[in-house]
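The values are calculated or read from the model by the stated rules, or taken from the named source; none is laboratory data. Quick caveat, the model's predicted, so the values are computed rather than measured. Note that we place each Cβ from the backbone using ideal geometry, even for glycine, and neighbour counts take in every protein chain shown. Calculation scope for accessible area: heavy atoms of the full protein, side chains included, ligands and nucleic acids excluded. Shrake-Rupley method; radii C 1.70, N 1.55, O 1.52, S 1.80 Å.
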Amino acid sequence: MGRQVIYFLSLLSLAAGEMEDLRFSRAMNREGTVVVRWDLNKATKEITFQVEAQTLGWVGFGLSPGGGMTGADIAIGGVMPNQTTYFGDYHAVGQIKPILDPIQNLRLLSVTENETSTIMRYIRKFRTCDPDDVDVTANTQRIIAAFGNTDTLEYHGPNQHFLASVQLLSETPVPQPDPVPSFTHSLKMSNFPVPSTGTTYGCAYLPLPQVQVKHHIFKFEPDIQRGNENLVHHMIIYGCPNTTNVSVPPGICMNNTDFFPCRQIIFAWAVGGGSFTLPTNAGMSLGTNLDPQFIRLENHYNNQELKSGQKDNSGILIHYTTELRQLDAGVLTIGIFVEKLAFIPPKAAAFKQTSVCKTDKFNEVVGEPIPDMQVVALILHTHLTGTGVQVVQYRDGRQIGFVSRDMSYDFSLQEMRYLPNITTIKIMIFTEPVACLMMMQEKTHWPSFKYGYHSSNDLAIDTADQE
């Protein structure tokens, strides 16, 4: 945010303590010295933002189409030494000073200071119809923040600007207390030696809790070894058939047939994600004769600096209970194989891939009738060149809607997405309900359902890549 004269407003600020709490937050840096909070009002199509930075100078926050200054929609504000507040709606055209918008579309709630920090809170519409503004959408969006050391709006310096990717319109369910009783079990690596190569997939067989009666898993939580946050890219728990030779020692699992028997995804975590809690009426079965006793933990290590001698103890914590829920939850994995013959044509401006999951084949593949599925959440995944992903639902040969759609996909934000409404994937009518946790990935580890488009219930997955 470049140099320019500050736009002054003589506004009274409400005390921070008088403001309602905002449900969502994101620390913009590891130290937590810059924090953005927000909340939604879908009835009025408005969003409230608050940015807090450890400075007594100006603060800036905005939405950026590509993560940089160009095209960014920015709010800038602060408190002068004489307690006069200033605030304005700006836009950026490049690496120069932001330009004050001719139309001011932001409604200031407060700009305050305490002993260490400046806090700015305002409201805006999701869509303002102003060409100088960036719409708030259901896609992944890049948010930017910056601050200065004084109230003179000058260049913030190389260490006082920040970037993050968030899903602003994704509403996480209200946290519920853990059921009583509840237990925690760790599934993690034990000093796994990470090779000094760019990409490694490490695997280990680990036991699930040995319980004698049925339990329900209600929560999954990543447990990343401190210091390895930039090393661990994703972790997947695969359920193993109870005939699997689980005495195989931990090792590299790419092309290692000793780890192939375990293909049933129980949970997946990827960079940018957090913990995932199932709905209060559903849990993943644990402890019955049909449930796996062992899992294969697959950790993907992205050793960009090619360091040697690194060891890892990362994994997943599962939380489970004897308090059984109404529904059993499962995982449906659909998507596109990673193949050597799949490539983006040279000089292509864009390239689209489509995979079809034909649900009237589910009974045939599974070997027994299965009921309709209630989809509550999913993970969208492509590799680095992916720019958009959409899961489209068809019924009786026509499209009936999108299960999920993100046309501004960011590889660094692969978190579980709760659907705003439960989506029913119809198979056939059954009396016993089943909940389905659906996770869409570009890479699958066993044959996905790939047939024609025009079945009664199709899921089509489109990924848009750029060169």
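Can you tell me which residue among ILE252, ILE266, ILE224 is open to solvent by 20 Å² or more (accessible area, probe 1.4 Å), touching a Pro at 6+ places or on another chain (Cβ under 9 Å) and touching a residue at least 40 places away in the same chain (Cβ under 8 Å)?
Result: ILE252 is the single residue among ILE252, ILE266, ILE224 that is open to solvent by 20 Å² or more (accessible area, probe 1.4 Å), touching a Pro at 6+ places or on another chain (Cβ under 9 Å) and touching a residue at least 40 places away in the same chain (Cβ under 8 Å).
Has region 171-189 got any residue that is more than 30 Å from PRO292 (Cα to Cα) and in contact with a Pro (Cβ under 9 Å, 6 or more places away or on another chain)? Scanning region 171-189, I find at least one residue that is more than 30 Å from PRO292 (Cα to Cα) and in contact with a Pro (Cβ under 9 Å, 6 or more places away or on another chain), so the answer is yes. Scanning region 102-127 for residues that are within 26 Å of GLY66 (Cα to Cα), open to solvent by 30 Å² or more (accessible area, probe 1.4 Å) and among the β-branched types (Val, Ile, Thr) gives a single hit, ILE103.
When you look at GLU46, is it of a type in the set (Asp, Glu), modelled with pLDDT under 95, open to solvent by 20 Å² or more (accessible area, probe 1.4 Å) and farther than 23 Å from GLU154 by Cα, yes or no? Before you say what the answer is, go through the steps one by one.
Values: of a type in the set (Asp, Glu): yes; modelled with pLDDT under 95: no; open to solvent by 20 Å² or more (accessible area, probe 1.4 Å): yes; farther than 23 Å from GLU154 by Cα: yes.
Answer is no for this residue.
Which numbered condition trips up LEU341, out of (1) part of a loop (DSSP other than H, G, I, E, B); (2) among the hydrophobic types (A, V, I, L, M, F, W, C); (3) under 30 Å from ALA282 (Cα atoms)? So the condition that LEU341 fails would be (3). Among the residues making up region 291-308, those that are assigned to a loop (DSSP other than H, G, I, E, B) and touching a residue at least 24 places away in the same chain (Cβ under 8 Å) are ASP291, PRO292, GLN293, ASN303, GLN304, LEU306, LYS307, SER308. The set of residues in region 309-332 being of a type outside the set (D, E, K, R) and in a loop (DSSP other than H, G, I, E, B) consists of GLY309, ASN313, SER314, THR322, LEU324, GLN326.
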